[in-house]
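Heads up, the thing below is written out as structure tokens.
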Amino acid sequence: MFIEDNNMENKQNFSDLNLKNWIIKQCHSIGLKNPTPIQTNCIPKILEGQNCIGAAKTGSGKTLAFALPIVQKLCEEPYGIYALILTPTRELAYQIADQFSIIGKAMNLKTCVVVGGMDMIEQGKQLSKNPHIVVATPGRLADHLESCKTFTLSKIKFLVLDEADRLLGGHFDGQIKTIFTALPKSRQNLFFSATITDTLNILKGTIGGKVFIFEDKSQV
Ligand code: ADP
Ligand code: MG
């Protein structure tokens, strides 16, 4: 069943989103006053355990729309690699990892960035230390899955496709396929992009269970 929801929630505060106080404090401490529409709408659904497709223009706070609920959930049952975030570029990977580190500072969150241009062996060592969050570009992550038999993503709880439109239906396809076959079937899928396109709609059809869809049309 798909739930399409384009009605904007009117909630104005981080405290209206079922976030724990320590996460809200963390948001305030880095100067965030109120959640953006994509955060207001998607965070409660993600915390409820729903799959989510969220679209809003660049700069509208999509990273924290998935990072805040993931870090909160992770605190309830921290173990191994908890979430995999795929993104199309190295720069975006570092930016996303930075935002996770800031939010997870109090709980000593371990993130690992897996992108091209870095030493494979050193990266493999970092991955073997069981970070909570892996932020990766598809090519390099697929290389690790193919070359290292002990590296596994079979227990992740969350898969995030950041800039999903750019990851799908193009030259990343082979690598994405390699990665998807390494993931557990039971997981929460969070897809974020600037717009909802046909490719994203096709992907929606491949997810079992409910999918909450939010498109911030006011900002497009
Ligand atoms: P997007 O992925 O939608 O392009 P980002 O997640 O990269 O946007 O966020 C863009 C900027 O907005 C970042 O500097 C981030 O820290 C900031 N930001 C995120 N959420 C909020 C908020 N609720 N209030 C103010 N700034 C925010
Ligand atoms: Mg982004």
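Within the shell of other residues whose beta carbon sits under 14 angstrom from the beta carbon of T63, the net charge comes to -2, with Lys and Arg scored +1 and Asp and Glu -1.
Applying a threshold of 25 Å to the alpha-carbon distances of K33/K62; K57/K204; K177/K217; K105/K125; K149/K177 flags K177/K217 as lying beyond it. Candidate membrane-span-like segments in the chain, meaning DSSP H helices with Cα atoms spread over at least 30 Å of their own axis and a Kyte-Doolittle mean of 0.0 or above, do not occur, with no membrane implied either way.
With each run of n ≥ 4 DSSP H residues scored as -39500 (n - 2.57), what mean residue ellipticity at 222 nm is computed for the chain after dividing by its residue count and rounding to the nearest 500 deg cm²/dmol?
Working: 9 runs with 91 residues, N = 220.
It comes out at -12000 deg cm²/dmol, rounded to the nearest 500.
Quick note: the coordinates plus some simple rules give every number you see, no bench work behind them. Quantities reported herein were computed from a predicted structural model and do not represent experimental measurements. Cβ coordinates were reconstructed from backbone atoms using ideal geometry, including for glycine residues, and neighbour counts include every protein chain displayed.
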